[in-house]
Amino acid sequence: MFQKSMRENDEEMLFSALFACPKCGHSISELEPKLFSFNSPAGACSTCDGLGQKQFFDESKLITDNCLSLGEGAIRGWDRRNIWYFQMLSSLADHYKFKLDIPFKNLSKKHQKIILRGSDDELISFKYINDKGNTYTREIPFEGIIPNMERRYRETESNMVREDLSKFLSSQACPDCAGTRLRKDARFVFVQGISLPQITEMTVTKAVEKFCRSPNFPAREQQLQIRF
């Protein structure tokens with residue numbers, strides 16, 4: 001809703017009956033208690049489902065010994081004993097001109113990143129030899145060891161495979177909610193300039209001093225205080 005002044009030089013003013021930002025247009029639902037609860041779908045961060053943490057495949061756990069070469073087992077499951085995966089690494093090494101028989105730590109950062117994270121859209125000519133000794137070629141991007149593990153962990157129906165892959169997992173604060181467990185809408189509601197995550201970090205004494213003994217709360221913030 002716009003209101004235009006009758007005076008020629010005055011700016012237009014934008015009003016909204018919703019909880020909406022007049023600059024970016026983002027709006028949120030009515031401020032209800034469930035919006036401020038990470039146990040509710042209405043309030044939980046959608047990235048971590050309200051857990052506050054995200055699991056990830058940790059490079060430091062994947063690389064068993066960076067003094068070993070890839071062929072010797074610098075990354076478990078991708079050495080010479082696993083013929084399928086090692087053939088992939090051999091084709092990758094041929095394409096990017098790096099060696100599989102030198103310590104992993106001596107590979108360039110670029111090559112280490114490609115091995116772990118993939119070749120993006122760059123096509124690699126992979127050569128495979130099957131049990132009968134027949135050779136065939138596929139030209140596709142290299143998925144990367146970490147994306148490969150992420151996909152297998154996500155898609156597998158085998159508890160054994162999932163348990164084996166979980167050995168390489170670590171946890172970190174959710175990158176979206178920074179560990180607060182709340183969705184963005186809830187994190188950006190403020191009382192006296194303070195958000196709910198900041199309030200929960202206060203001691204009880206400090207919170208009482210700030211909110212229960214503070215006079216002259218605006219009517220709107222009194223409603224928010226009750227809901228918090």
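Of the residues I140, I124, I145, which single one is modelled with pLDDT of 95 or more and exposed (fewer than 13 other Cβ atoms within 10 Å of the Cβ)? Step through it out loud before you land on a result.
Working: I124 fails: exposed (fewer than 13 other Cβ atoms within 10 Å of the Cβ); I145 fails: exposed (fewer than 13 other Cβ atoms within 10 Å of the Cβ).
Among I140, I124, I145, only I140 is modelled with pLDDT of 95 or more and exposed (fewer than 13 other Cβ atoms within 10 Å of the Cβ).
Using the structure shown, decide if W78 is exposed (fewer than 12 other Cβ atoms within 10 Å of the Cβ), within 14 Å of I145 (Cβ to Cβ) and either outside the structural domain of P141 (by TED's automatic domain parsing) or aromatic (F, W, Y) (or both).
On the way: exposed (fewer than 12 other Cβ atoms within 10 Å of the Cβ): no; within 14 Å of I145 (Cβ to Cβ): yes; either outside the structural domain of P141 (by TED's automatic domain parsing) or aromatic (F, W, Y) (or both): yes.
No: the conditions fail for W78.
Any idea which residue in the range 51-75 is nearest to F98 (Cα to Cα), counting only those that are among the hydroxyl-bearing types (S, T, Y) and not in a helix (DSSP H, G or I)?
So the first thing to find is which residues in the range 51-75 are among the hydroxyl-bearing types (S, T, Y), and the list is 60, 64, 69.
Of the ones still in play, those that are also not in a helix (DSSP H, G or I) are 64, 69.
Details: T64: 20, S69: 12 Å.
This residue is S69.
Exactly one residue among G71, G43, G77 is under 30 Å from R183 (Cα atoms) and small (G, A, S), and that residue is G43.
What residue, among those in the range 103-147 that are of a type in the set (A, V, I, L, M, F, W, C), assigned to a helix (DSSP H, G or I) and closer than 18 Å to N82 by Cβ, is farthest from the chain's Cα centre (by Cα)? Spell out how you get there, then give the answer.
First pass over the range 103-147, keeping only residues of a type in the set (A, V, I, L, M, F, W, C): 104, 107, 114-116, 123-124, 126, 129, 140, 142, 145-146.
With assigned to a helix (DSSP H, G or I) added as a condition, the list becomes 104, 114-116, 145-146.
Among the residues that remain, those that are also closer than 18 Å to N82 by Cβ are: 104, 115-116, 145-146.
Working: F104: 27, I115: 21, L116: 17, I145: 18, I146: 14 Å.
Residue satisfying both the conditions and the ranking: F104.
The values are calculated or read from the model by the stated rules, or taken from the named source; none is laboratory data. As the structure is a prediction and not an experimental result, all values here were calculated from the model. So basically every Cβ, Gly included, is an ideal-geometry build from the backbone, and we count neighbours across all protein chains shown.
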